[in-house]
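Colleague: Would you mind keeping the following structure in view while I ask a few things?
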Amino acid sequence: MTTQDKKNKIKSLVTDMLNESHEAMIKKIDKALNSGAIDVDSWDESHNPMILPKCITTAILQNESTQYEGKGTSFEKDVRQEVRNIRYFL
């Protein structure tokens, strides 16, 4: 398998995982809104309208990211190190 073939395969796998995560995160929006952890009644569309949506988005993204951390496995340290290295380039 050539380097380009490997890159294409990795890209395909990452795309599949991102699509699955996207679907899972969309389902969590209603869960967040109905959780009772958010004061929806105090949200005002004319005053800081994006704060609450950004908070929900950040919480969902952070929650979903933990799925791939490899916690409790022998790969946890390797995953953490690779993620740190990749984030420097993004």
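Colleague: Out of Ile60, Ile38, Ile51, report the one residue that is within 20 Å of Asn19 (Cα to Cα) and of a type in the set (A, V, I, L, M).
Modeller: Going through Ile60, Ile38, Ile51 in turn, just one is within 20 Å of Asn19 (Cα to Cα) and of a type in the set (A, V, I, L, M): Ile60.
Colleague: Considering only the chain, give the helices (runs of 4 or more DSSP H) lying wholly within it that have at least 2 residues that are in contact (Cβ under 8 Å) with a residue 12 or more places away in the chain and out of contact with any Leu (no Cβ under 6 Å at 6 or more places or on another chain).
Modeller: Result: 3-33, 51-65.
Colleague: Does segment 31-44 contain at least one residue that is over 27 Å from Leu13 (Cβ atoms), exposed (fewer than 12 other Cβ atoms within 10 Å of the Cβ) and under 15 Å from the mean Cα position of the chain (by Cα)?
Modeller: no
Every read-out reported here was derived from the displayed coordinates using simple, explicitly stated rules and does not represent laboratory data. Owing to the predicted nature of the structure, the values given are computational and were not obtained by experimental measurement. Note: ideal-geometry Cβ built from the backbone for every residue, glycine included; neighbour counts use all protein chains shown.
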